[in-house]
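Presented below is the structure to which this report refers.
The values are calculated or read from the model by the stated rules, or taken from the named source; none is laboratory data. This is a predicted model, so every value here is computed, not measured. For neighbour counting, all protein chains shown are included, and Cβ atoms are generated from backbone atoms with ideal geometry for every residue, glycine included. Keep in mind that these areas ignore ligands, DNA and RNA; they rest on the heavy atoms of the full protein, side chains included. Shrake-Rupley method; radii C 1.70, N 1.55, O 1.52, S 1.80 Å.
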Amino acid sequence: GKQPELKLPVPATFALANGMQVYLVEDHTLPVFSARLTDLAGSASNPKDQPGLAAFTSRMLTEGTARRSSTQLANDIASIGASLNSSAGMDAAAVVVDALSNNVDAGFDLLSDVALHPAFKAEEVERIRAQRLTSILQEGDQPFAAALRVGYKALYGDYPYGYRDIGTTASLKAITRDQLADFWSAHYAPAKAALVVVGDITEAEARKLGEQYFGGWTATVASATAPLPPMPPPPSRKVVIVDKPGAPQTALIAFGQGVPRSTPEYAAIDVMNSVLGWLFSSRINMNLREKNGYTYGASSQFDYYRDGGVFYSGAEVRTDVTAPAAKELFGELDRIHTDAPTPAELKLAEDSELHSLPGQFETDYYTADLMADLFSYNLPKTYYQTLPSQYLQLTPDAVEKAAIEYVHPKNLIVVAVGDRAKIESGLEKLNLGPIEIRDESGELVKK
């Protein structure tokens, strides 16, 4: 039957006098708002030898300003019942305030203070550094997280995409207070930023608030989007083992280079991947979980960045079935090329994508996050409005073409985090490619 008409938001957009872009989605159903300052200051901007710098810098913004200590800041946030957070992903950093719309001035005051006047106080830097080092240690104990860290590194090396946002233990220990302040100065400026406002605020109010709280921001930076270094070529297939003696399970994940977020084939790739590994009913999950009982859940996904991305697929499987699970995983990665999705598979995948879209705009916070992506990835402001029709107009050919073009089993790096003594010979017999041993941070270990 015909799909119900999905009304996904189109932001009103305008620029402040200093050139900063503003994206506004009015929503007067509840007396709340979410405002975020998004800046093109994500991990892709890290200097080569300083993974983790962008995310550490962003995290420090909400730990005190020129006129508010971290305690004062926490009190001011609590006094208006607001939440204030800052973080950075691969392509952008964001500071977000959520509050009731009768506190909009106080909310914008907090947002602009932390974004434009961070203090980077030495004792706060040390406190957050310690927290982040602990997070990395904990990650090493989680096989799936360890596999992601190793897989990114094996795939991209020292290229910015080769590191997790949090960085490495070595880089986090070495980053100085001045380097954080310098990164902020070099990358936070109106030319690289957008103010995204969603909720119970009119356009007239948004213009007034924007000029009042951000209009005086005059920072300039060398380049709005510095070009990344050249990307490494796609790898030839190999197996990387990270030894966890005695592990009852193996985190088994195959990594390949992915696709930029702005790709015109986004809808086709999304539907193809839903058939392959994203849905519970997907081929990879039905094979590894339902048919063979190797795992509680297997999947595949594309992480889209501004200039590329990562495709990964796999599962945590019982140690004793590591090799058979790898064989079945590659069976499905090959089969998506030869056995095109059936009409039933396509319909299920398309319906699932369409039904999940409205939920992605459920709160002002989520909506602001998605609107910020329009800015970060240079997408047209009607992008979400036209997305449902992109799904509805997909042809089976377009989906099949996406599989052939973007899933490359011969260029995947298979990472197995598990008990090497029990899994190595089985993986060797599959002849997927040469085997190398790496540690939990992705560095090569001499065999």
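Worth a mention:
- Unsatisfied cross-links (Cα-Cα over 28 Å) in the set 401/429; 244/401; 153/422; 48/238; 291/410; 153/291: 401/429; 244/401; 153/291
- Restricting attention to the chain, close to 75% of DSSP beta bridges with both partner residues there are antiparallel.
- Two numbers describe the Cα atoms of the stretch 80-218: Rg and Dmax, which are 18.1, 51 Å.
- Figure note: 353, 443 ranked by solvent-accessible area, largest first, 1.4 Å probe, ligands and nucleic acids not counted: 443, 353.
- Along the stretch 61-68 the Karplus relation, 6.51 cos²θ - 1.76 cosθ + 1.60 evaluated at θ = phi - 60°, assigns HN-Hα couplings of 4, 8, 10, x, 10, 4, 10, 10 Hz to successive residues, with x for each Gly and Pro.
- The stretch 193-319 - convex hull of the alpha-carbon atoms, volume per residue in Å³: 231 Å³
- For the stretch 157-266, the alpha-carbon coordinates run over 60, 40, 33 Å along the three principal axes, in decreasing order.
- The stretch 279-350: chymotrypsin sites (Phe, Trp or Tyr not before Pro) in DSSP coil with no more than 16 other Cβ atoms inside 10 Å: 280, 296
- The share of Cα pairs per 10 Å bin across the chain, counted from zero up to the longest distance, runs 4, 19, 27, 26, 17, 6, 0 percent.
- Accessible-area order (highest first, 1.4 angstrom probe) of the listed residues 338, 322: 338, 322
- The stretch 1-144: projected area of the alpha-carbon convex hull, averaged over directions, in nm²: 13.6 nm²
- Short to long, the 10 Å bins of the Cα pair-distance histogram for the stretch 248-398 hold 11, 35, 34, 17, 3, 0 percent of all pairs.
- Here residue 77 sits with roughly 30 square angstrom of accessible surface, probe radius 1.4 Å.
- With contributions of -39500 (n - 2.57) from each DSSP H run of at least four residues, the per-residue ellipticity at 222 nm computed over the chain stands at -12000 deg cm²/dmol.
- In summary, the convex hull built on the alpha carbon positions of the stretch 327-447 has an orientation-averaged projected area of 11.4 nm².
- Rounded to the nearest 10 Å², the accessible area of residue 339 at probe 1.4 Å: 70 Å²
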